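Below: one structure, written as structure tokens.
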Amino acid sequence: LTYGGTIYNTDGGVNALYSAQRVILSPDENFAYVTSDGDNSVSWYSRNSITGALVYEGVVSGVLGAFGLTISTDGNYVYVTGTTDNAIYSYSRNSVTGSLTRISTIRDGDHYYSYTVDGLFNPREIKLSPDGNHAYVAGSSDKSVSWFTRNSATGILTYGGTLKDGVGGAEGLDGAFGITFSNDGSYLYVTGNYENSVSVYQRNSGTGALIFSEVLRDDYGGVDGLNNAQSVTLSPGGDHIYVVGNGDNAVSTYDLNASSGLLTQTDVIKQGDGSLNGLDGAWDVTLSAD
């Protein structure tokens with residue numbers, strides 16, 4: 001890596017980066033989006049594809065405790081979790097200007113004719129399934145993962161259901177934080193920040209419903225590096241997942257069985273191993289496209 005530059009919260013009218021949390025690129029890589037729970041906002045920046053430099057373009061405010069952030073593969077819709085508001089905010093996106101327009105808000109406890117929304121108390125990561133038909137949210141204080149059916153034409157989400165720790169055999173969801181999928185969307189993986197764990201769920205691609213498969217916990221069965229587990233990331237080839245253990249200052253690696261979805265730990269690297277440095281307080285992990 002070679003340093004390119006920095007945008008600060010006080011630069012040129014920027015007022016949307018206080019306690020910045022998540023950053024993603026649009027599918028065309030022309031814009032970057034950033035959540036800020038300190039500014040309760042989502043801001044966007046045009047991106048120079050050659051230099052990588054960002055230019056502040058705009059912000060939407062009133063996103064209370066803005067944290068998790070994802071974008072549809074067609075680039076038309078953006079979804080954000082609000083940890084203070086216990087909510088999902090949905091936005092349509094202008095692919096030319098990058099600007100966002102709110103289209104709906106779903107909050108924990110919202111009552112509808114045939115159901116009540118659950119699983120959004122202190123929501124963290126939100127991810128869309130690979131087929132784009134469902135959104136999944138890790139509810140940290142609800143110890144849960146919930147799913148929502150997504151209308152690809154309108155971007156609107158409709159509550160589907162919730163799986164909670166200790167209910168129906170589910171485990172590993174205390175402090176639910178990070179989410180990722182197998183490449184085919186058949187399995188979902190969730191980290192438990194308070195449970196020092198990563199758990200595995202079978203996914204019904206039609207309904208979005210989840211069935212618990214297994215949980216791996218720090219210091220059990222030879223597993224290491226999951227203390228305060230946070231982000232979880234799938235490799236581009238779909239053969240491995242990587243988990244950041246914030247409390248262990250570590251990144252651990254797991255083989256993924258494509259048939260069963262089950263995980264086997266193969267490696268862990270920690271701050272202070274030999275001459276290894278730079279993992280103190282590790283938070284997130286990403287991989288190059290290859």
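Which numbered condition trips up Val23, out of (1) among the aliphatic types (A, V, I, L, M); (2) in contact with a Phe, Trp or Tyr (Cβ under 9 Å, 6 or more places away or on another chain); (3) open to solvent by 40 Å² or more (accessible area, probe 1.4 Å); (4) free of Cβ contacts under 8 Å to residues at least 40 places away in the same chain?
Result: Val23 passes all but (4).
Taking the options Ser182, Ser144, Ser114, name whichever one is out of contact with any Ser or Thr (no Cβ under 8 Å at 6 or more places or on another chain) and under 28 Å from Gly281 (Cα atoms).
The conditions single out Ser182.
Please enumerate the residues belonging to the range 52-103 that are of a type in the set (S, T, N, Q) and within 16 Å of the chain's Cα centre (by Cα).
Thr70, Ser72, Thr73, Thr81, Thr83, Asn86, Ser90
Can you say whether Asp131 is open to solvent by 40 Å² or more (accessible area, probe 1.4 Å) and either out of contact with any Lys or Arg (no Cβ under 9 Å at 6 or more places or on another chain) or under 23 Å from Gln230 (Cβ atoms) (or both), as far as the supplied structure shows? I'd like the intermediate steps shown before the answer.
Working: open to solvent by 40 Å² or more (accessible area, probe 1.4 Å): yes; either out of contact with any Lys or Arg (no Cβ under 9 Å at 6 or more places or on another chain) or under 23 Å from Gln230 (Cβ atoms) (or both): yes.
Criteria met by Asp131.
If we scan the range 100-107, do we find a residue that is assigned to a loop (DSSP other than H, G, I, E, B) and open to solvent by 10 Å² or more (accessible area, probe 1.4 Å)?
no
Could you tell me which residue of the range 137-189 is surrounded by the fewest Cβ atoms within 10 Å (Cβ to Cβ), considering only residues that are of a type in the set (A, V, I, L, M, F, W, C), in a loop (DSSP other than H, G, I, E, B) and touching a residue at least 40 places away in the same chain (Cβ under 8 Å)? Can you show your working first?
Looking only at the range 137-189, we keep the residues that are of a type in the set (A, V, I, L, M, F, W, C), and these are 137-138, 145, 147-148, 153, 156-157, 163, 167, 170, 173, 176-177, 179, 181, 188.
Restricting the remaining residues to those that are in a loop (DSSP other than H, G, I, E, B) gives 153, 156, 167, 170, 173.
Adding the requirement that they be touching a residue at least 40 places away in the same chain (Cβ under 8 Å) leaves 156, 170.
Numbers: Ile156: 15, Ala170: 22.
Applying the filter and picking the extreme gives Ile156.
Can you tell me which condition Gly5 does not meet? The list is (1) assigned to a strand (DSSP E or B); (2) open to solvent by 10 Å² or more (accessible area, probe 1.4 Å); (3) in contact (Cβ under 8 Å) with a residue 40 or more places away in the chain, and all the others hold.
Only one criterion in (1) assigned to a strand (DSSP E or B); (2) open to solvent by 10 Å² or more (accessible area, probe 1.4 Å); (3) in contact (Cβ under 8 Å) with a residue 40 or more places away in the chain is unmet by Gly5, namely (1).
Would you check if there is a residue in the range 251-271 being at pLDDT 95 or above and under 23 Å from Leu69 (Cα atoms)?
yes
Sort out which residues of the range 194-227 are surrounded by 15 or more Cβ atoms within 10 Å (Cβ to Cβ), assigned to a loop (DSSP other than H, G, I, E, B) and in contact (Cβ under 8 Å) with a residue 60 or more places away in the chain, and write them in order of number.
Gly208, Ala209
Out of the residues in the range 108-125 that are open to solvent by 30 Å² or more (accessible area, probe 1.4 Å) and either among the acidic types (Asp, Glu) or not in a loop (DSSP other than H, G, I, E, B) (or both), which is nearest to Ala170 (Cα to Cα)?
The qualifying residue nearest to Ala170 (Cα to Cα) is Asp118.
Determine whether Gly12 is among the small types (Gly, Ala, Ser) and at positive phi.
On the way: among the small types (Gly, Ala, Ser): yes; at positive phi: yes.
In short, yes.
Look through Ser146, Ser213, Ser114 and report the one residue that is at negative phi and at pLDDT below 95.
Checking each option against the conditions leaves just Ser114.
Suppose we filter Arg102, Arg107 for residues that are in contact with a Phe, Trp or Tyr (Cβ under 6 Å, 6 or more places away or on another chain) and either among the basic types (Lys, Arg) or free of Cβ contacts under 8 Å to residues at least 60 places away in the same chain (or both); which single one remains?
Values: Arg107 fails: in contact with a Phe, Trp or Tyr (Cβ under 6 Å, 6 or more places away or on another chain).
After ruling out the rest, the residue left standing is Arg102.
Output the residues belonging to the range 228-263 that are part of a loop (DSSP other than H, G, I, E, B) and surrounded by fewer than 18 Cβ atoms within 10 Å (Cβ to Cβ).
Hits for the range 228-263 are Ser235, Pro236, Gly237, Gly238, Asp239, Asn257, Ala258, Ser259, Ser260, Leu262.
Within the range 49-96, which strands (runs of 3 or more DSSP E) (wholly inside it) include 3 or more residues that are hydrophobic (A, V, I, L, M, F, W, C), surrounded by 14 or more Cβ atoms within 10 Å (Cβ to Cβ) and on the phi < 0 side of the Ramachandran plot?
So the answer is 54-61, 66-71.
The values are calculated or read from the model by the stated rules, or taken from the named source; none is laboratory data. Quantities reported herein were computed from a predicted structural model and do not represent experimental measurements. Note that each Cβ is placed from the backbone with ideal geometry, even for glycine, and that neighbours are counted across all protein chains shown. What goes into the accessible areas is simple: the full protein's heavy atoms, side chains included, and nothing from ligands, DNA or RNA. Shrake-Rupley method; radii C 1.70, N 1.55, O 1.52, S 1.80 Å.
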